[in-house]
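Participant: Handing you this structure, nothing more for now.
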Amino acid sequence: MATTESSSDAGSIDASDIEDAAPNSRTVRALTEVMTVLDSIGRARNADDLFLVNSGSGSEYLIDARTGSCECNWKQYNPDEECKHQKRVAFATGERPIPQWMNDDALDDQFGMHVDGEPRQAVADGGVTAPATDPFAVHSEDEPRTKRAKQEDIDVSFLAKPGRYEVHSASDSRYEVDVLEETCSCPDVAERCKHLRRVDIEINAERVPRPDGKLPDA
Ligand SMILES: [Zn+2]
Ligand SMILES: [Zn+2]
């Protein structure tokens, strides 16, 4: 009764897949801004695909996850792209995993509290924690590789593809890290080498661009 849409004219599915590979700032805002996602009250009652998003400014928007619609102004001008409210619904319900480069501390506290689904964290190894003050502070519970990632003289710079960074180590070696693929070109066969950890730390500390960088749309 609640939904009558039967065609798929929203056409936003492919766009969201692309944005998963190259997160943009709407993704970051969807994760960090104060929003509350509600799935079983008011206009969203009795409809699995309908969600209400209350923004920090007090506005309420109805999102239809199936047809890809949202009532916000931005969406009206960008009908083929996902607005931050739609992204937030996808993250809050667990339909889309939260990117591993996203610092837990930066997530909005309201995350996933009012929806049935559980937000999912893309798997890191728990080795990287980003303290609010000094991102390079070493903690006793840090794994050895995380300690080295923090302590060694490693330069990180952004390369020209989504999520790719160049690492220049103290021993004057250069490696390429891809944080989206979670790979590094160094010989360390560990699941997550110190270079990958260092890049994560630098991203969380905002010392280097996020994986989306300032790149043109791929
Ligand atoms: Zn919206
Ligand atoms: Zn490495």
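Participant: Would you calculate the separation in nanometres between label points at Tyr77 and Asn46, each defined as 7 Å from the Cα along the Cα-to-beta-carbon direction?
Facilitator: 3.7
Participant: Could you tell me the distance between the Cα centroids of region 77-116 and region 42-64, to the nearest Å?
Facilitator: 14
Participant: Taking the Cα atoms of region 134-218 alone, what are Rg (to one decimal) and Dmax (as a whole number) in Å?
Facilitator: Cα radius of gyration and Dmax of region 134-218 are 12.5, 41 Å respectively.
Participant: Right, next: Quick check: residue separation of Arg29 and Leu107 times 0.36 nm, minus the Cα distance between them. What number comes out in nm? All intermediate terms of the calculation are to be shown ahead of the outcome.
Facilitator: On the way: separation 78, 0.36 × 78 = 28.08 nm, distance 0.94 nm.
Working it through step by step, the gained length comes to 27.1 nm.
Participant: Another question about this same structure. Taking 0.36 nm per residue of separation and subtracting the Cα-Cα distance, what length does fully extending Phe136 through Ala170 add?
Facilitator: Numbers: separation 34, 0.36 × 34 = 12.24 nm, distance 1.59 nm.
Here the answer is 10.6 nm.
Every number here is computed from the coordinates shown, using simple stated rules; none is lab data. Small disclaimer: the values here were computed from a predicted structure and weren't measured. Reconstructed Cβ throughout: ideal geometry from the backbone, glycine too, with neighbour counts over all protein chains shown.
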